[in-house]
Amino acid sequence: MQASTAKKAIDAKLRAKGIGMSFKRDGNTTAVLENIDLDVGEGEFLCLLGPSGCGKSTLLNIVAGFLEPTSGTVMIDGESVKGPDARRIFVFQERGVFPWLTVEGNVGFGLFRLTRAERETRIAHYIKLVGLQGFEKAYPQELSGGMKQRLEVARALAVKPDMLFLDEPFGALDSITRLIMRGELLRIWEAERKTIVFVTHDIEEAVQLADRVVVMSTRPARIQKIVEIDIPHPRDISSPRYLELRDGIFEEIGLAHKI
Amino acid sequence: MSSTAWTRRLERVVWPLLLGLVLLLAWHYSVAWTGSKVFPSPLDVRKGMAELARRGVLWGYIADSLRRVGVGFCSAMVVGIPLGLTLGWYPAASQVVNPLIQMVRPISPIAWIPISIVWFGVGERSAIFLIFLAALFPIVVAAMNGVRNVPSIFRRAGRNFGLSPLRLLATVVFPASLPQIIIGLRIALGIAWLVVVAAEMIAVDSGLGYLVIDARNSGKRYDLVVAAMLMIGLIGLGLDIGFRQLETVKAIRWGFRHEG
Ligand SMILES: Nc1ncnc2c1ncn2[C@@H]1O[C@H](COP(=O)(O)OP(=O)(O)OP(=O)(O)O)[C@@H](O)[C@H]1O
Ligand SMILES: [Mg+2]
C-alpha cells in the first residue's frame, strides 16, 4: 500500500505551485507564506506541521478554496481551484457541527441531492462508521467534544468527497480521546481511501498518522523539510524507526527532545 | 426527575404566588384603613369581574383583544422576518434602509393613531394596524442582527457543501439566527399587547382597553377599571410564559442558556 514517492509526484491529486500569501493590516503587509510548492498524492495522508502562527491554516484555506493566494496556483485533478467544492470537505474543530440539527440531520446535511431512501442508508452507514449509533436523534449539545468531532467527520464523509482538509481537528480534545480519534481516523481512511491534508502542531500526531510530514518554518513560512514516514500501519510507537523519525522532526524544528 | 429538581420547580411557582398574596393583603388593608370611597378593594374587583362575566362581556372582550393582537402580530411576523433576513443578508440594503428604520422606530405607536384613523377609519383595522406597526420593528431588527451574527464557520460549512444561496439561507442562516429571532418575537409580542390596550382606548368599542376607558367614563366604575388592568397583566404574563416554552424546543435551545 505504500506507493513510491516518485509515483505520487506523477499523479498528484493536488498540486500547489509558488503559493505566496500576505495580509494587509493597518497599512502594513505581513508576508505569511512564501513560495510554497507542494504535491499531494491520490489517497495520501499528508500532515502539515509547524509552529503556531506560521500559516498552516492559511495554507489549508488556500488549497481548500476559501482564500485566494496573493501569488501562485492550486490545481486539483488538473483543474485550478476557484472556490470551495463539495468534493473536498473542510473539517473544523467540533464547533462546525450545526447545533440546530440532530446527529442524523447533520450527517445528512450535504445529501440534499439524493432520494430519501438513499439519504437514509447513507446516513445510517456513516453514523455507524463513526460509532454514533443510538445517538441519531440527539442534538450536538447533548454530545461530548469527541462525539461532536466524529459527527463532523461523518458529515464530511457522507457526501463522499475525494479529499478532506482537517485543521487541527483534535486540538480541543483531551489526550485520551485524541489518541482514540487518531485510531478512528486511520481506520476510516483505510476503509475509504480519501486524500487527507491534516494540519497539526503536534509532532507525535503527525508521525503517527501521516504518509509524509511537511515541516514548515516560522513566518514567513516556507517548506523546511518533507519527511516520509515509511512505517506501515498499525504503527508501533515505541519502535526504533518511529522514535528516529520523531526525533528527527524535533531536531528539524529546533527543539531538544528534553524537558 | 429528581426530587431536588421538583422542589426547585415548585419554588419557582410558590414564591411568586406568595408575593402576590402579600401584595393583595397589603392592598386590601390599605383600602380598609384609609376608608377610600373611590379606590376599590380586591373584593370589589372580584365582584366586578363576576359582574362582567355575568353580563357575558368578559370573555368576549378578552377574545377581541387577543384576536387583534394575534392578527397584528402574525402579519408583523410574516412581513418582518423575511424583511429582516433580507436586510441582514445584503449589508448594502440595510445601509440604505437602516437609518429609516431607526428614525421610524422611536415614534410611539400612539402617535400613529391619527394617521391610522385617516388610513383605516375608526375601528378594528386601525387597531390592528397599530399593533402591526409596533410589533414590526423589533422583529425586523432581531432578524437582521440574527443573520449578521451567524458565525462564519456555519456559512463556510454551508458553502463547502455546495448549497445554492437560497438553500444556504433556508438551511443555515435562518436556523442559525432563529434564537435571536425568537427573542425579537417575544419582545414584539409584549409590545403588541401593550399597544392593543392603547389602541382599544381610542379606535374600537370592545376589548380590555375599551373596558378600562368605558368603565371610567360610564359611572366611574373603578372596580371594573382595576379588574380590566389585572386581566391585561395576567394575560400578558400568560403570553410571555407561553412564548418562553418555545425556547426549550431542542432545535432552538442551543441559542439560550439553560441550567439543565
Ligand atoms: N485574515 C487575516 N488577516 C490578517 N492576518 C491574518 C489573517 N489570517 C491569518 N493572519 C495572520 O497569518 C499568520 C498565520 O496564521 P494561521 O492561522 O495560518 O497560523 P497557523 O499556523 O494556523 O497557527 P496555529 O497553529 O496557531 O493555528 C498569523 O500571524 C496571523 O496573524
Ligand atoms: Mg491554525
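The values are calculated or read from the model by the stated rules, or taken from the named source; none is laboratory data. None of these values were measured; they are calculated from a predicted model. All Cβ positions, even for glycine, are placed from backbone atoms using ideal geometry, and neighbour counts span all protein chains on display.
Just a yes or no: is a residue in segment A:210-221 touching a strand residue (DSSP E or B) at 6+ places or on another chain (Cβ under 8 Å), touching a residue at least 24 places away in the same chain (Cβ under 8 Å), among the aliphatic types (A, V, I, L, M) and farther than 19 Å from A:PRO51 by Cα? So that I can check it myself, show each step before the final result.
Taking segment A:210-221 as the starting set, the residues that turn out to be touching a strand residue (DSSP E or B) at 6+ places or on another chain (Cβ under 8 Å) are A:210-217, A:219-221.
Then keep just the ones that are touching a residue at least 24 places away in the same chain (Cβ under 8 Å); that gives A:210-217, A:219-221.
Still in the list and also among the aliphatic types (A, V, I, L, M): A:210, A:213-216, A:221.
Okay, now just the ones that are also farther than 19 Å from A:PRO51 by Cα, so none.
No, segment A:210-221 contains no residue that is touching a strand residue (DSSP E or B) at 6+ places or on another chain (Cβ under 8 Å), touching a residue at least 24 places away in the same chain (Cβ under 8 Å), among the aliphatic types (A, V, I, L, M) and farther than 19 Å from A:PRO51 by Cα.
Which one of A:ILE237, A:ILE196 is surrounded by 15 or more Cβ atoms within 10 Å (Cβ to Cβ), in contact (Cβ under 8 Å) with a residue 24 or more places away in the chain and more than 16 Å from ligand 2 (Cβ to nearest atom)? Can you show your working first?
Numbers: A:ILE237 fails: surrounded by 15 or more Cβ atoms within 10 Å (Cβ to Cβ).
Only one candidate passes the filter, namely A:ILE196.
I need every pair where a residue in segment A:35-56 that is more than 19 Å from A:GLU204 (Cα to Cα) has its Cβ under 6 Å from the Cβ of a residue that is part of a loop (DSSP other than H, G, I, E, B) and of a type in the set (Asp, Glu), sequence separation at least 6 or different chains.
The qualifying pairs are A:GLU42/A:ASP11.
Just checking, how many residues over segment A:150-168 are within 16 Å of ligand 1 (Cβ to nearest atom) and touching a Lys or Arg at 6+ places or on another chain (Cβ under 7 Å)? Please lay out each step first, then the result.
At the first step, the residues of segment A:150-168 found to be within 16 Å of ligand 1 (Cβ to nearest atom) are A:165-168.
Filter once more, keeping what is touching a Lys or Arg at 6+ places or on another chain (Cβ under 7 Å): A:165.
Total meeting the criteria: 1.
Every residue in segment A:5-30 that is modelled with pLDDT under 90 and under 21 Å from the mean Cα position of the chain (by Cα), please.
Result: A:THR5, A:LYS8, A:ALA9, A:ASP11, A:ALA12.
Of all residues in segment A:112-133, count the ones that are assigned to a loop (DSSP other than H, G, I, E, B) and within 14 Å of chain B (Cβ to nearest Cβ).
Residues of segment A:112-133 assigned to a loop (DSSP other than H, G, I, E, B): A:112-115, A:130-133.
The next check asks that each one be within 14 Å of chain B (Cβ to nearest Cβ); those that pass are A:112-114.
Summing the residues that are assigned to a loop (DSSP other than H, G, I, E, B) and within 14 Å of chain B (Cβ to nearest Cβ) in segment A:112-133 gives 3.
With segment B:153-260 as the region, which helices (runs of 4 or more DSSP H) entirely inside it contain at least 1 residues that are without any contact (Cβ under 8 Å) to a residue 12 or more places away in the chain, within 21 Å of B:ALA50 (Cα to Cα) and more than 14 Å from chain A (Cβ to nearest Cβ)? If you could, list the steps in order and put the result at the bottom.
Details: elements: B:165-168, B:174-202, B:208-217, B:222-244, B:250-253.
Those helices (runs of 4 or more DSSP H) span B:208-217, B:222-244.
Hey, B:ALA53 hits all of (1) crowded, with 18+ Cβ neighbours inside 10 Å; (2) among the small types (Gly, Ala, Ser); (3) modelled with pLDDT under 90 but one; which does it fall short on?
For B:ALA53, the exception is condition (1).
What single numbered condition from (1) in contact with a strand residue (DSSP E or B) (Cβ under 8 Å, 6 or more places away or on another chain); (2) within 16 Å of ligand 1 (Cβ to nearest atom); (3) touching a residue at least 12 places away in the same chain (Cβ under 8 Å) fails to hold for A:PHE23?
All conditions are met except number (3).
Does B:ALA134 meet the test of being away from chain A (no Cβ under 14 Å) and either within 21 Å of B:ALA251 (Cβ to Cβ) or in contact (Cβ under 8 Å) with a residue 12 or more places away in the chain (or both)? Can you show your working first?
Numbers: away from chain A (no Cβ under 14 Å): yes; either within 21 Å of B:ALA251 (Cβ to Cβ) or in contact (Cβ under 8 Å) with a residue 12 or more places away in the chain (or both): yes.
When the stated conditions are applied, B:ALA134 passes them.
Residue under question is B:ALA26, and the condition is that it be modelled with pLDDT under 90, among the small types (Gly, Ala, Ser) and not assigned by TED's automatic domain parsing to the domain that holds B:ASP214; does it hold? If you could, list the steps in order and put the result at the bottom.
Working: modelled with pLDDT under 90: no; among the small types (Gly, Ala, Ser): yes; not assigned by TED's automatic domain parsing to the domain that holds B:ASP214: yes.
So B:ALA26 does not fit the description; no.
Please pick out the residue among A:ARG113, A:ARG95 that is modelled with pLDDT of 90 or more and among the charged types (D, E, K, R).
A:ARG113 is the lone residue from the list that is modelled with pLDDT of 90 or more and among the charged types (D, E, K, R).
Go through segment B:29-39 residue by residue and tally those that are surrounded by 11 or more Cβ atoms within 10 Å (Cβ to Cβ) and modelled with pLDDT of 90 or more.
The total comes to 2.
Let me spell it out: the conditions are (1) farther than 23 Å from A:ALA12 by Cα; (2) within 13 Å of ligand 1 (Cβ to nearest atom); (3) surrounded by 17 or more Cβ atoms within 10 Å (Cβ to Cβ), and A:GLY171 meets all of them except one. Which number is the exception?
In the conditions (1) farther than 23 Å from A:ALA12 by Cα; (2) within 13 Å of ligand 1 (Cβ to nearest atom); (3) surrounded by 17 or more Cβ atoms within 10 Å (Cβ to Cβ), A:GLY171 misses (3) alone.
Any idea which of (1) within 24 Å of A:GLU252 (Cα to Cα); (2) within 12 Å of ligand 1 (Cβ to nearest atom) is the one A:LEU67 doesn't satisfy?
(1)
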